[in-house]
Every structure is written in C-alpha cells, then in structure tokens.
Amino acid sequence: MFRPLFATALAAGLLLATAGAQAQNKLKVGFMLPYTGTYAALGTAIENGFRLYVQEGGGKIGGREIEYFKVDDESDPSKATDNVNRLIKRDQVDVIVGTVHSGVAMAMAKAARESNTLLIVPNAGADAVTGAMCAPNIFRTSFSNWQPAYAMGQVAAERKHKTAVTITWKYAAGEESVNGFREAFEKGGGKVLKDLTVPFPNVEFQALLTEIAVIKPDIVYSFFAGGGAVKFVKDYAAAGLNKSIPLYGAGFLTDGTLDAQGDAAQGMLTTLHYADSLNTPRDNAFRLSYAKTFKLQPDVYAVQGYDAAQLLGAGLNAVKGDFTKRNDMIAAMEKTKVDSPRGPFTLGKSHNPVQDIYLRKVEGKENKMIGIAVKGLADPGRGCRM
Ligand code: PHB
C-alpha cells in the first residue's frame, strides 16, 4: 500500500515542480535588427519601443519574464539565413522580432515558415511577407510597402499633378513603394515618366538629380529611409530642386531624420501610418514615457516596436503566458485590436495592419498631421492563401 501511494505522491510532486518551473521559465525573444549601417537608428528605435512596453508591464509580457537575444543583421540579405538560424537553431528563441530591410525579412519569413517559429515583423514592408509568403505564425505590426505609397499616389493625383519621376534604392522596398505610388497616381490620371534607382545602400545621387532637372516632372516621388533619407533630402535641396519640383515620399523620408535634415525638409508632404502631434491621450502618454526612458523623441519605428510587444502580449494574455497553447495564442493575436500610439488598428486576414494613413507636413522638427490620406487602408494581401 505504502509504495504506490508514495510513488503517486512523488509523481504528483514532480508534476507540480515541473509546472512551477514552466511558469518561471523566461520567454525567449530574439531581436534580429540592423544595429549598424544606414538603418542602424531604426533598429535601435524598434528595440527601444519593444522594451518600453515590457518595462511598462513590470518587466513581463503576459505574465512571463523575458530573456533577450540579439543579432545585428546589417541589412544584408546575403547573411540573413545564417543570422536568423542563429536565433532559431542556436538560441532556440520562442519568438523572433525583426527586421527593417525587406530583403532580409523575406529570408526570415522563409525560415520562420519552415521551422514554424513565431515571427513578428516590426518594420520591413515586403509585400510578400503578408502576401505570397503569409503564414499563421507570421505577423506584421508596421505596414506593407504598398500602403503609404498607394496613399501618396492618391494624394498626388488629387492635387492635380500630372507627371512624376520616381527615385529609390533598387531593392524590394523601393520597387514596391514606387509600384504602389504608380498604381494610385495613374488610376487618378497621372503618369510616371521615369523610374530612377541607385543600388542599396548607395547615396551618390548627383547624376540622377541632374536627370530630374532635365525631365522637369511636376513632382518627384521617393522612397529612402534612415541615413540614406537624410542625405537624399539634403542633396535634393542643395541642388535647388525643392524650389520648383515638390518632393513627395512615403513618410520614412522624413521620419526620425528631421534633426539631421534641418531646413532641407521644411514643408515636405509625406504619407505614413504615424505622425508627430497626433495629440491623442494614447500617443501623448507613449511619447512622454519614451522620451523619459530613452532621452529621445520616438518615431514611427519606435511605435512599430512597441506594438510588436503589444501584439505578443495580446496573444500571451489570452493563454495566461502558456506559449505551448500556440493555436489559441495565434487566434487571439488575429482578433485583437492593438491600442497603438498611431491609433487603434486590427489585422487583416494576411496579418498586416488595417490602418489610417496620415498626410503629414514637415514643420520644424515635426511631421505634422494635416489630414487622413486614406482611412482604414488594408493591404490587398496579393497571393496570400491561409
Ligand atoms: C524596407 O526595407 O521594407 C524598409 C526599410 C526602411 C523603412 C521602410 C521600409 O523605413
């Protein structure tokens, strides 16, 4: 009699101990972001945003403490598969948060699909990530490259501009951004006369600026970001082109860059899912908390990182931190309305935000919201079957 009872008690004790240990386990979060190169500041802002939400929750998400792992992806697609496998195979993280660069993100999405690792993309807009490569375990808290670009094409056509030249880096983000702009601009009666590109992350713009001056379009549409955006906007103004040919862009052209761009950016119009001076209680609280913690003003990248943590929190809260309940967690993430500083957003069927795209104007050190370019814009999710 004694032995089985003892054995049962022992087994029960062991079970309890295991359950306890599981509750104590830290959730492993792997940041794969650029910490060097033209997008370095963007990677830091994303990580800051994510950490801020965790800090506001007393160091936990969904009741779980977090252990962080980090890889600098250098915005280099040729190293992306090795880099993401450091997190998946070596560190065995539960969730990957990354990245900024679309080419790197596509390699990450492929690895995440193959290993069924949860991936939350806090920036890279590659249309395919929530298009042909969409998967139940892949989410995005930022945008698709199509979204802000399409909105700008619509604005430019509404403003009765007839001709445009586009200029960008020759890689997925630039090409998709230009395509989104062209789609709406030409639908509204405009015509893109020429697409100009430089290789990523090249910033030698002089020959192309000369070409723009010769073509004399009504406007220029541009996608650049980070350090490259600073240089491009300054070169455009230094060439005197901003006096005669307005420079429009997806909002990355002037986000997190205004201190460095100074006078060169004044008056520029861009479209994006975030703006400074939204002046909502939610955004004001976020901005204050971010500025106090990091002694920096937040930008769109910080918001996207913060919202990646919020989305993960929505999933983990629904399963009381039990990461093994993957299906329930994913279902909760799909259904949630994220209380973002940008304004609340939901996710579309392909796991991309359905969100308002603001029209912004640069005034001093702010991308001031001057209107909503497109309300509740959903990416078409082309090629996504899920
Ligand atoms: C991208 O590669 O998708 C990308 C990079 C930087 C941005 C926006 C998009 O600011």
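The values are calculated or read from the model by the stated rules, or taken from the named source; none is laboratory data. Being a predicted model, the structure only gives us computed values, none of them experimental. Don't worry about glycine lacking a Cβ; one is built from the backbone with ideal geometry, like all the others, and counts go over all protein chains shown. Just the protein is used for accessible areas: all its heavy atoms, side chains included, with ligands, DNA and RNA removed. Shrake-Rupley method; radii C 1.70, N 1.55, O 1.52, S 1.80 Å.
Could you check what % of the DSSP bridge pairs in the range 158-271 are antiparallel, to the nearest 5? Around 0 percent antiparallel, to the nearest 5.
For the set D328, D259, solvent exposure ranked by accessible area (probe 1.4 Å, protein chains only) runs largest to smallest as D259, D328. Taking 0.36 nm per residue of separation and subtracting the current Cα-Cα distance, fully stretching the chain between R385 and S115 would add 95.3 nm. Over all pairs of different C-alpha atoms, the range 240-378 has a mean inverse distance whose reciprocal, the Kirkwood radius, equals 16.4 Å. With 5 Å bins beginning at zero, the pair-distance distribution over Cα atoms of the range 150-217 amounts to 4, 19, 25, 22, 19, 9, 2 %. Under the criterion of Cα pairs below 8 Å and six or more residues apart, the relative contact order for the chain equals 18 percent.
Scalar couplings 3J(HN,Hα) for the range 245-258, obtained by applying the Karplus form with A = 6.51, B = -1.76, C = 1.60 to θ = phi - 60°, are 10, x, 9, 9, x, 5, x, 4, 4, 10, 9, x, 10, 5 Hz; x denotes Gly and Pro.
For the chain, the fraction of 1.4 Å probe accessible surface lying on carbon and sulfur atoms is 55 percent. Averaging 1/r over every pair of different alpha carbons in the range 68-195 and inverting the result gives a Kirkwood radius of 15.6 Å. Peptides 160-169, 353-362, 79-88 ranked from most to least packed, by the mean per-residue count of other Cβ atoms within 10 Å: 353-362, 160-169, 79-88. Here the range 172-331 is described by how far its Cα atoms reach on the three principal axes: 62, 35, 30 Å, from widest to narrowest.
Among residues other than V319 with Cβ under 9 Å from its Cβ, the summed charge is +1 (Lys and Arg +1, Asp and Glu -1). Across the range 304-321, rounded Karplus estimates of 3J(HN,Hα) from the backbone phi angles (6.51 cos²θ - 1.76 cosθ + 1.60, θ = phi - 60°) give 5, x, 4, 6, 4, 5, 5, 5, 4, x, 4, x, 5, 4, 5, 10, 6, x Hz, Gly and Pro being marked x. Please list, in order, the residues from the range 288-323 whose amide nitrogen is less than 20 Å from a point placed 7 Å along the Cα→Cβ vector of I372. Answer for this model: 300, 304. Taking every DSSP bridge with both residues inside the chain, close to 35 percent are antiparallel.
Using the Cβ-Cβ distance between K349 and K60 with R0 set to 41 Å, the FRET efficiency from 1/(1 + (r/R0)^6) comes to roughly 0.85. Each Lys or Arg adds one and each Asp or Glu subtracts one; over the other residues with Cβ under 14 Å from the Cβ of E183, this totals -2.
Which value in Å does the Kirkwood hydrodynamic radius of the range 249-314 take, with 1/r averaged over all unlike C-alpha pairs and then inverted?
13.1
Could you list, bin by bin from short to long, the percent of Cα-Cα pairs of the range 315-370 in 5 Å steps? So the P(r) values, bin by bin, are 4, 18, 17, 16, 15, 9, 7, 7, 5, 1. Shape summary of the chain, radius of gyration then Dmax from alpha carbon positions: 22.4, 97 Å. Its Cα gyration tensor gives the range 200-263 an equivalent ellipsoid. The semi-axes, each the square root of 5 times an eigenvalue, are 18, 13, 11 Å from largest down.
Between A291 and N327, the contour length at 0.36 nm per residue exceeds the alpha carbon distance by 9.3 nm. Give me the base-10 log of I(q)/I(0) for the range 276-353 at each q in 0.24, 0.25, 0.26 Å⁻¹, Debye formula, one uniform scatterer per Cα, rounded to two decimals. Values returned for q = 0.24, 0.25, 0.26 Å⁻¹ are -1.06, -1.11, -1.15.
With the simple model of a label 7 Å out from the Cα in the direction of the Cβ, N85 to K191 spans 5.0 nm. In the P(r) worked out for the range 63-126, what percent of Cα pairs fall beyond 13 Å? Every Cα pair in the range 63-126 considered, those over 13 Å come to 58 percent. Based on the Stokes-Einstein relation at 10 °C and a viscosity of 1.306 mPa s, and on the Kirkwood radius from alpha carbon pairs, the range 20-136 is assigned a translational diffusion coefficient of 110 µm²/s. Surface exposure of the chain, expressed per residue as accessible area with a 1.4 Å probe, stands at 42 Å².
Compute the separation of the alpha-carbon centres of the range 54-97 and the range 110-166 and state it in Å as a whole number. The two parts, judged by their Cα centres, are 22 Å apart. Every helix of 4 or more DSSP H residues in the chain counts as -39500 (n - 2.57), and over all residues that averages to -13000 deg cm²/dmol at 222 nm.
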